[in-house]
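Each value in this text was obtained by applying a stated rule to the coordinates, not by laboratory testing. Everything numeric here is computed off the predicted structure, so don't read it as measured data. Cβ coordinates were reconstructed from backbone atoms using ideal geometry, including for glycine residues, and neighbour counts include every protein chain displayed.
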Amino acid sequence: MHEMSLIAGLFEILEEKAREHKARSVTAVRLRVGTLSGAVPELLETAFDMYKKGTLAEKAALVTIAVPVKVRCRACGSEFEVDDYVFHCQFCGAADLEILSGTDLLVESIELETEDETPA
Ligand SMILES: [Zn+2]
């Protein structure tokens, strides 16, 4: 499953951030998922739930936010979002479009629970 390796990469980021902030656990993760990223949000959430067991993100919930594909027309310079896979300019009809966003995964925010003051 493609999503499993994406989640493995996400957990490396989570563990690094948790160490950096001396956090005890990760409580929530918000992930922006481009509609052209090739990743299915539901499968990412399932993979996250499978992967988190026994990690510091065990209690965390993954929230995915769909990011639409944004393109720029090389012919007329217009920028717009496409919500289907018909790639031509809405303004001049040209098919020469540059994809600006919507092809990747991006961690938007991570919520951490930090150590309390009481000594262990
Ligand atoms: Zn155009």
Could you size up the charge dipole of the chain around its Cα centre, putting +1 on the beta carbon of Lys and Arg and -1 on that of Asp and Glu, and report it in debye to the nearest 20? 120 debye
Counted charge near Thr55, where neighbours are those whose Cβ lies closer than 14 Å (Asp, Glu -1; Lys, Arg +1): 0
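Which percentage, to the nearest 5, of the DSSP beta bridges contained in region 2-114 is antiparallel? All intermediate terms of the calculation are to be shown ahead of the outcome.
Values: 17 of 24 bridges.
In region 2-114, DSSP labels about 70 percent of beta bridges as antiparallel.
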Cross-link reach from Lys52 to lysines, straight Cα distance under 19 Å and at least 8 residues apart if same chain, gives Lys17, Lys22
Report the full-extension gain for the segment Cys92 to Ala8: residue separation times 0.36 nm, less the Cα-Cα distance, to one decimal in nm. 26.0 nm
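What is the sum of charges around Ala39, taking Lys and Arg as +1, Asp and Glu as -1, for the other residues whose C-beta is under 12 Å from the C-beta of Ala39? Can you show the working numbers first?
Numbers: positive: Arg32; negative: Glu3, Glu42, Glu45, Asp104.
My count for the surroundings of Ala39 gives -3.
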Using only Cα atoms and rounding to the nearest 10 degrees, what angle (0 to 90) does helix 41-51 make with the longest principal axis of the chain? 20 degrees
Give, as ranges by residue number, the residues of region 6-25 whose backbone N falls under 13 Å from the point 7 Å along Cα→Cβ of Thr114. 18-25
Rounded to the nearest 10 degrees, the helix 2-20 long axis (Cα) sits at an angle to the longest Cα principal axis of the chain of 50 degrees
